[in-house]
Amino acid sequence: MKFLNGWFLSFIFALVAAVWWPSNRYHYLVVHHTASDTGSLASVRRAHWARGWFDAGYHLILANGTHGVAAGTLQPSLRYRLGCHAVATRSPRHNLLGLHLSVVGNFDKQSMSPAMRANLAHALTLLAERYRIPPDQILLHRDCSATVCPGRFVDRADLVTSLARDAAQVDETVAARQRSVLGATLVAPLPLFICLWAGQLLLWFAWRRWRARRGRRLRSLRPT
Ligand SMILES: [Zn+2]
């Protein structure tokens, strides 16, 4: 009976966590810019490796059509695939609970093109819906810590109020490509369930083995 309880409890815990966690993992959606005219996940990754980080500091990069990546493509970093924290702001809370998206471009020098605005609006709408992030939690990097990122030509109120209108302008092939990125994360019910349950069972078996060994040792020490 005890054996059954171990299986059952770990199964229920893994199931509940695997259903709840993927939709509640992120509380904020934070927009950045790369502050460069060209770029891609590969170039951001190289720059951040040089700082000693294991991957790009952001979860997603929104390509602008340079470095051979089609404009509007959302490139997921390992942080997005694994669902880990970002290293993108000086605010631990926003790094831990935020989903960080960096748009390739420098919006301190120039405003975003209408096509890029549509790409960004569609990406934000898609992610906000998937992760159930309300509009008042869609932020710019400078709302989290002292910086100009994502540049003076990006205005939060303007971005958020025109989301639906701008997103409607997106090219359908770009929209489809952006939707496919949602499948690139391991923080989805099935893989998460498998990891959580397998992890718990391994711990449980290890604990049982340790207890059995300790029992044998104690018995051998007992005076006869
Ligand atoms: Zn930033």
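Would you check if Ser43 is over 30 Å from Gly199 (Cβ atoms) and either outside any loop (DSSP other than H, G, I, E, B) or outside the structural domain of Leu124 (by TED's automatic domain parsing) (or both)?
Yes, satisfied.
It is to be established whether one or more residues within region 89-110 are within 15 Å of the chain's Cα centre (by Cα), free of Cβ contacts under 8 Å to residues at least 40 places away in the same chain and buried (at least 16 other Cβ atoms within 10 Å of the Cβ).
Yes, there is a match, as at least one residue in region 89-110 is within 15 Å of the chain's Cα centre (by Cα), free of Cβ contacts under 8 Å to residues at least 40 places away in the same chain and buried (at least 16 other Cβ atoms within 10 Å of the Cβ).
Taking region 70-102 as the region of interest, how many residues are in contact with a Gly (Cβ under 9 Å, 6 or more places away or on another chain) and of a type in the set (A, V, I, L, M)?
Adding up the residues that qualify gives 4.
When you go through (1) of a type in the set (Ser, Thr, Tyr); (2) away from the ligand (no atom under 16 Å from the Cβ); (3) at pLDDT below 95 one by one for Thr73, which number turns out not to apply?
(3)
Given region 122-224, what helices (runs of 4 or more DSSP H) lie entirely inside it while holding 1 or more residues that are more than 16 Å from the ligand (Cβ to nearest atom) and acidic (Asp, Glu)?
Ranges flagged: 156-161, 163-167, 172-180.
Taking the stated definitions as given, is Val148 touching a Pro at 6+ places or on another chain (Cβ under 7 Å), in the same structural domain as Ser36 (by TED's automatic domain parsing) and among the aliphatic types (A, V, I, L, M)?
For Val148, the condition - touching a Pro at 6+ places or on another chain (Cβ under 7 Å), in the same structural domain as Ser36 (by TED's automatic domain parsing) and among the aliphatic types (A, V, I, L, M) - is not met.
The values are calculated or read from the model by the stated rules, or taken from the named source; none is laboratory data. As the structure is a prediction and not an experimental result, all values here were calculated from the model. Reconstructed Cβ throughout: ideal geometry from the backbone, glycine too, with neighbour counts over all protein chains shown.
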